[in-house]
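*Asks:* Take this structure first; my questions come after.
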Amino acid sequence: MSSYTYNQFRRVLKKAGFVMVRSRKHETWVKVMSDGSVERVHVSHQHGKDIPQWLFAKMLRQAGLTRDEFERLLRDP
């Protein structure tokens with residue numbers, strides 16, 4: 001299983017339509033869905049460091065993404 005960095009996760013969030021709305025202890029990224037619901041993801045400021053697997057899975061759930069979707073968005077220019 002590959003490890004991903006916080007910077008890579010930020011790139012994927014941007015491609016998926018998320019916008020950073022707050023940056024204090026952690027960054028808060030949000031995306032308003034078509035039904036009006038809001039997806040919220042919290043990202044640490046540890047830019048180039050690897051995300052632990054358990055935290056990566058939690059962040060994917062918060063973003064509503066699968067690992068395959070994440071990897072596809074990461075590969076797309």
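Values in this text are rule-based calculations from the coordinates and carry no lab data. Computed from a predicted model, the values in this text were never measured in an experiment. Neighbour counts are summed over all protein chains in view; Cβ atoms, including those assigned to glycine, are modelled from backbone coordinates with ideal geometry.
*Asks:* Measuring from label point to label point, each 7 Å out along Cα→Cβ, what is the HIS47 to ARG61 span in nm?
*Replies:* For the pair HIS47/ARG61, the computed spacing is 3.0 nm.
*Asks:* A follow-up question, please. Work out, step by step, the length gained on full extension between SER34 and SER3: first 0.36 nm times the residue separation, then minus their alpha carbon distance; give nm to one decimal. It would help to have the intermediate numbers written out before the result.
*Replies:* Details: separation 31, 0.36 × 31 = 11.16 nm, distance 3.11 nm.
The SER34-SER3 span can extend by a further 8.0 nm.
*Asks:* Let me ask something additional. Normalised by the residues of the chain, what does the relative contact order come to in percent, with Cα pairs under 8 Å and at least six apart?
*Replies:* Values: 90 pairs, mean separation 24.8, N = 77.
Normalised by residue count, the contact order of the chain is 32 percent.
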